[in-house]
Amino acid sequence: MGRLCQTEGLTDIQEEILKTVRQFVDEKIIPVAQELEHADEYPTEIVEGLKELGIFGIMIPEEYGGLGESLLTYALCVEEIARGWMSVSGVINTHFIVAYMLMKHGTEEQKRNYLPRMATGEVRGAFSMSEPGLGSDVSAVATKAVKNADGSYAITGQKMWLTNGGSSTLVAVLTKTDEGASSVYKNMTTFLVEKTPGFGEVAQGITVPGKIDKMGYKGIDTTEMIFEGHQIAAEQILGGEPGKGFFQMMDGVEVGRVNVAARACGLAWRGFELGISYAQQRHTFGKPIAEHQAVLFRLAEMATKVETAHNMMVRAARLKDTGRRMDVEAGMAKMVASEYANEVVEDSFRIHGGYGYSKEYEIERIMREVKFMLIGEGTSDIQKMIIGKALLKDYQLKG
C-alpha cells in the first residue's frame, strides 16, 4: 500500500470495510475502468458489486437496513473508489446526499418508505439543485412549485447537471415556492420526486432528454431534467414543511463537499501511484528518471500534497461526525483537495512525457476526470467566499 493516505484511529470494523473496498477496487474496477470509460459505458457490474458490499447504505442507520457507519468511513471508501475510477464514486455520491438529507430532515414516514430500499440500492437517489441559468447563485432558482387547490403542487422548470439523472428513481429537487417570506431563501422547498429509470418521459410531466456528452466523468449518466406541470403530493415535501428547502440542500451540499474532497484525494493518490511507478520504469541517460533530481523533487512534492489533502478531508469528515457545523472545514478540504489533485495529476502527466497523451495510459483518463473536481459542489472561488466570510466573523475587530 505504501505510506500515503493512512488514517489514524480507525476501528477494526472501519479497517475491515476499507480493506474490502480496496480489494474490490483493485480487482473489479481498475482492470476495466479504461475500457468502460473510453466507451462511455455505464458500469453495471461494478454497481451491482457495490450493492452487495452494502456501500449504498453505508451511512444509513441499521434500523433502516443500512450499515450505520460514519461520514468518515464513507469518505474513506469514496477515496478508495475514486482511486479506481472517479465516475463510480459519482454513482454513490448523489445517492448518498439524498439518503443523508432524508436521515436528517425527512419525516419518519419518508424515512421508513425510502431508506431501507436506498440501503440495498433498489431505490437510487439523485440530487437536483442546479439550473441552466443558475450557476453558484442558488437564490436564482427558477423552477417553480405552484400549490393547487387540493393542496398538491405542480412543478415547472428545467434542472441541469443531474448525476444519476437517468439511472435514479428518487430525485431531491429544489424549487421556488410562495411562502410569503421576505427572504428568498425561505421561499424554497425540496420535493422528493419519484420517477422510472431511463430517458425520455420518466414520469407524468417529467422528461430526461439524454446523457450530456462530457470531457471526462464518463460512464455515469449526467442529464437535464425538464418539468412541465408535474403533479406531486404535499406529502413528498422533504420533512413535510415547505420553505425549508434551501437549508436542507445546503446541509446536503456540506457533506457533498467532503465527498468531492474524498474523490479528489483518490484521484491525487492514483496520479501519484502512476507517476512514481512510471518514473522507476522509464530510463534516460543510463538510469531511471526517478533518480534524476528534477523528477525526485516532483515526486516528493506530489506525495506531500496527497497527504495534506487526505488529512484535511479526514478532519472535515470527523468534525461533521461530531455534529458540529463545519462549512469552513468542508470548504477548505474541498478547495485544497481539488486544487492539489489537479496539480498532482498534472505532475504525473509530465512525468509520463509523451506517453501520458496516449489513451493507452491511465493518466490520460485521470487528467480529464480531475478537472471536474475544480467545479463539483462549488468552485474554489465559492469555497474562498465561504471561508473568508466566516473568518471575518470569527476575527472581527472589537470596538
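Given the criteria at pLDDT 95 or above, crowded, with 20+ Cβ neighbours inside 10 Å and basic (Lys, Arg), does residue 124 qualify?
Considered against the rule, which asks whether it is at pLDDT 95 or above, crowded, with 20+ Cβ neighbours inside 10 Å and basic (Lys, Arg), residue 124 comes out as yes.
So residue 347 passes all but one of these: (1) of a type outside the set (A, V, I, L, M); (2) without any contact (Cβ under 8 Å) to a residue 40 or more places away in the chain; (3) in contact with a Gly (Cβ under 9 Å, 6 or more places away or on another chain). Which condition number does it fail?
(2)
List pairs: first residue in the range 1-29 and farther than 21 Å from residue 48 by Cβ, second residue of a type in the set (D, E, K, R) and open to solvent by less than 30 Å² (accessible area, probe 1.4 Å) anywhere in the structure, Cβ distance under 7 angstrom, at least six positions apart or on different chains.
Close Cβ pairs satisfying both conditions: 5/79.
For the range 106-116, check the following and say yes or no: at least one residue is in contact with a helix residue (DSSP H, G or I) (Cβ under 9 Å, 6 or more places away or on another chain), open to solvent by 10 Å² or more (accessible area, probe 1.4 Å) and in a loop (DSSP other than H, G, I, E, B).
Yes, the conditions are met somewhere in the range 106-116.
Could you list, in sequence order, the residues of the range 1-46 that are in contact with a helix residue (DSSP H, G or I) (Cβ under 6 Å, 6 or more places away or on another chain) and of a type in the set (D, E, K, R)?
22, 28, 37
Looking only at the range 304-322, how many residues end up being more than 17 Å from the chain's Cα centre (by Cα) and open to solvent by less than 60 Å² (accessible area, probe 1.4 Å)?
So the count comes out to 5.
Just checking, does the range 224-242 include any residue being closer than 24 Å to residue 44 by Cα, open to solvent by 40 Å² or more (accessible area, probe 1.4 Å), modelled with pLDDT of 95 or more and over 17 Å from the mean Cα position of the chain (by Cα)?
Taking every residue of the range 224-242 in turn, at least one turns out to be closer than 24 Å to residue 44 by Cα, open to solvent by 40 Å² or more (accessible area, probe 1.4 Å), modelled with pLDDT of 95 or more and over 17 Å from the mean Cα position of the chain (by Cα).
Applying the selection to the range 311-345, what residues are touching a Leu at 6+ places or on another chain (Cβ under 9 Å), among the β-branched types (Val, Ile, Thr) and over 27 Å from residue 300 (Cβ atoms)?
If the condition is that a residue be touching a Leu at 6+ places or on another chain (Cβ under 9 Å), among the β-branched types (Val, Ile, Thr) and over 27 Å from residue 300 (Cβ atoms), then 328 is the only one that fits.
If residue 149 satisfies all but one of (1) touching a residue at least 24 places away in the same chain (Cβ under 8 Å); (2) among the aliphatic types (A, V, I, L, M); (3) more than 30 Å from residue 32 (Cβ to Cβ), what's the number of the condition it fails?
(1)
Out of the residues in the range 156-183 that are outside any strand (DSSP E or B) and among the small types (Gly, Ala, Ser), state the one that is surrounded by the fewest Cβ atoms within 10 Å (Cβ to Cβ).
182
Which one of the conditions (1) in contact with a helix residue (DSSP H, G or I) (Cβ under 8 Å, 6 or more places away or on another chain); (2) more than 14 Å from residue 245 (Cα to Cα); (3) not in a strand (DSSP E or B) does residue 132 fail to meet, given that it meets all the rest?
Only one criterion in (1) in contact with a helix residue (DSSP H, G or I) (Cβ under 8 Å, 6 or more places away or on another chain); (2) more than 14 Å from residue 245 (Cα to Cα); (3) not in a strand (DSSP E or B) is unmet by residue 132, namely (1).
Among the residues in the range 209-221, are any in a strand (DSSP E or B) and surrounded by 16 or more Cβ atoms within 10 Å (Cβ to Cβ)?
Checked against the condition, which is being in a strand (DSSP E or B) and surrounded by 16 or more Cβ atoms within 10 Å (Cβ to Cβ), the range 209-221 yields at least one hit.
Quick test of your reading of the structure: residue 32 fulfils all but one of (1) more than 30 Å from residue 304 (Cβ to Cβ); (2) without any contact (Cβ under 8 Å) to a residue 12 or more places away in the chain. Name the failing condition by number.
(2)
Considering only the range 264-304, state which residues are part of a helix (DSSP H, G or I) and either basic (Lys, Arg) or touching a Gly at 6+ places or on another chain (Cβ under 6 Å) (or both).
270, 298, listed by residue number.
Pairs only if they're at least six apart or on different chains, beta carbon under 8 angstrom, first in the range 277-304 and without any contact (Cβ under 8 Å) to a residue 24 or more places away in the chain, second of a type in the set (Lys, Arg) and surrounded by 13 or more Cβ atoms within 10 Å (Cβ to Cβ); list them, first residue then second.
From residues that are without any contact (Cβ under 8 Å) to a residue 24 or more places away in the chain, the pairs are 288/282.
Would you mind telling me which numbered condition in (1) open to solvent by 10 Å² or more (accessible area, probe 1.4 Å); (2) of a type in the set (Gly, Ala, Ser); (3) on the phi > 0 side of the Ramachandran plot residue 140 fails?
Answer for residue 140: the failing condition is (3).
Listed here are the residues, each with its yes/no results for (1) open to solvent by 20 Å² or more (accessible area, probe 1.4 Å); (2) of a type in the set (D, E, K, R); (3) modelled with pLDDT of 95 or more; (4) within 22 Å of residue 72 (Cβ to Cβ).
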residue	(1), (2), (3), (4)
287	yes, yes, yes, no
302	no, no, yes, no
324	yes, yes, no, yes
336	yes, no, yes, yes
343	yes, yes, yes, no
377	yes, yes, no, yes
386	yes, no, no, yes
396	yes, no, no, no
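Failed condition for residue 135, given (1) touching a residue at least 24 places away in the same chain (Cβ under 8 Å); (2) open to solvent by 10 Å² or more (accessible area, probe 1.4 Å); (3) within 21 Å of residue 162 (Cα to Cα), with all others met?
Result: residue 135 fails condition (1) only.
Residues of the range 347-363 being of a type in the set (Asp, Glu) and surrounded by 18 or more Cβ atoms within 10 Å (Cβ to Cβ), which ones?
Of everything in the range 347-363, those that are of a type in the set (Asp, Glu) and surrounded by 18 or more Cβ atoms within 10 Å (Cβ to Cβ) turn out to be 347, 362.
The values are calculated or read from the model by the stated rules, or taken from the named source; none is laboratory data. Keep in mind the model is a prediction, meaning the values are calculated, not measured. Methodologically, a virtual Cβ is constructed for each residue, glycine included, from the backbone with ideal geometry; neighbour enumeration extends over all protein chains shown. Just so you know, the surface numbers come from the protein's heavy atoms only, side chains and all, with ligands and any DNA or RNA stripped out. Shrake-Rupley method; radii C 1.70, N 1.55, O 1.52, S 1.80 Å.
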